[in-house]
Amino acid sequence: MGARYLIDTSVISKYFNEELSDKALTLLDSVIENEIPQMSIITRIELKVYKPALATRESQIQSFIDGSEIYGLTEPIILQTV
């Protein structure tokens, strides 16, 4: 298995606002095209209230969320975070 990426809210918002560097854009495009994007439940919550620069991006962001694997909070994750 290759590298797997847990994608953060700031990366996703910059992706949809076209604010990533060419290198970061290429990497994220590859992850999205070749894998199921992964995010935490916290990122999902943040994206649900996020207002992109272009209102037309809202449906794209929702599609991105719908096509992603969402990781919930478990007790081991909470304890490791603390």
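The values are calculated or read from the model by the stated rules, or taken from the named source; none is laboratory data. Just so it is clear, the structure is predicted and the values come from calculations on it, not from any experiment. Cβ sites come from the backbone with ideal geometry, for glycine too, and all protein chains shown count toward neighbours.
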Open item on the list: Which count do you get for residues in segment 40-72 that are hydrophobic (A, V, I, L, M, F, W, C), surrounded by 10 or more Cβ atoms within 10 Å (Cβ to Cβ) and at pLDDT 90 or above?
Closed with: 8
- [ ] Determine if segment 14-34 includes at least one residue that is in contact with a Leu (Cβ under 6 Å, 6 or more places away or on another chain) and modelled with pLDDT under 95.
- [x] yes
